[in-house]
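One structure is given here, and the rest of the page talks about it.
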Amino acid sequence: MADNIYNSLIAEFQQAASFDDYKNAYMLYDLRHGSSKGREWKASVFFVLAVGAVWYASVQHFRLNELIMPALVLVISVYMCVYYLFIVPSRSANRAERIYKSSWYISREKQYKFYRDNFTYKNEYEYQKRYYTEIYDCIETKDTFILIGGLENSLTVIDKRQLDPKQREALSSHFRSEMIRQYRNTEGKRK
C-alpha cells in the first residue's frame, strides 16, 4: 500500500526496548506525571518542618514538657523526607520492572514507522497507530526518545543507540517541529 503523499515517511526501523531503557523511561514518566511528581519540593517542605521543630525545641531549652510536639513533628518530617527522596523512586523502579516483566509485548522487537502526522509500530502480535495529538510528553535523552500518551501502551521507548545518525537527527528534528509544546530535551543545548 502506498503512503499518503501528504503524510510523508520520516523514519522506519526495527528495535526492541531493553529493560534498562524502559525502566529509565518509566522513571522519567513517573517524575513528570506519576507519584514522583514534585517529590523534591515536597521533601523540602518536610525538611523545613524538621529544622523548625529542632529550632523550636532549642528555643524552649529542650524542656521535657515542651518536647512532645516538636519531637513528633521531627519524626514525621524525617520519615516523609526519606519517603519522598528514597522510597518513592524505589517504588517507581519496582513498578517499571513489574510492568516490563509482566508484559510480553514490551520486550518484543517491533517495526516502527514515523510519518509526519502519526507513527505506527507492529510485530506479529500487535499493531498500534498513534497520532501526535495523543502524545502529551516527548522527552529526548542522550540514549532514548520517550513518547508518553495514549490510552493503551502510553509509554513508547525508542533506543537512539540502535538508530543510525541520519535517523536520529530526522526523528529529533521531527519531534522538535511537530510537538513544540510536548518536546523536552535532557541533553542540554543543541548545536
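The values are calculated or read from the model by the stated rules, or taken from the named source; none is laboratory data. Fair warning: this is a prediction, and the values are worked out from it, not measured in the lab. A quick note on method: Cβ atoms are made from the backbone with ideal geometry, for glycine too, and the neighbour counts reach across all protein chains shown. Surface areas here come from the heavy atoms of the whole protein model, side chains and all, with no ligands, DNA or RNA. Shrake-Rupley method; radii C 1.70, N 1.55, O 1.52, S 1.80 Å.
Side notes on the structure shown:
- Annotation: Tyr112 fulfils all but one of (1) surrounded by fewer than 16 Cβ atoms within 10 Å (Cβ to Cβ); (2) not assigned by TED's automatic domain parsing to the domain that holds Glu40; the unmet one is (1).
- Summed over the range 122-153, the residues that are under 22 Å from Met27 (Cβ atoms) and in a strand (DSSP E or B) give a count of 13.
- Across the range 155-187, the number of residues qualifying as in contact (Cβ under 8 Å) with a residue 60 or more places away in the chain and of a type in the set (A, V, I, L, M, F, W, C) comes to 6.
- Within the range 154-178, considering residues that are open to solvent by 30 Å² or more (accessible area, probe 1.4 Å) and among the charged types (D, E, K, R), the one nearest to Ser107 (Cα to Cα): Arg161
- Within the range 88-113, the set of residues being farther than 12 Å from Ser18 by Cα, in a loop (DSSP other than H, G, I, E, B) and among the hydrophobic types (A, V, I, L, M, F, W, C) comprises Trp104 only.
- Within the range 11-69, the set of residues being out of contact with any Phe, Trp or Tyr (no Cβ under 6 Å at 6 or more places or on another chain) and of a type in the set (Ser, Thr, Tyr) comprises Ser18, Tyr26, Tyr29, Ser35, Ser36, Ser44, Tyr56, Ser58.
- Tally of residues being under 15 Å from the mean Cα position of the chain (by Cα) and open to solvent by less than 50 Å² (accessible area, probe 1.4 Å) across the range 30-49: 5
- Test: Gly52 is open to solvent by less than 30 Å² (accessible area, probe 1.4 Å), of a type in the set (Gly, Ala, Ser) and touching a residue at least 12 places away in the same chain (Cβ under 8 Å): no
- Residue that is farthest from Arg184 (Cα to Cα), among those in the range 55-70 that are hydrophobic (A, V, I, L, M, F, W, C) and loosely packed, with under 14 Cβ neighbours inside 10 Å: Leu64
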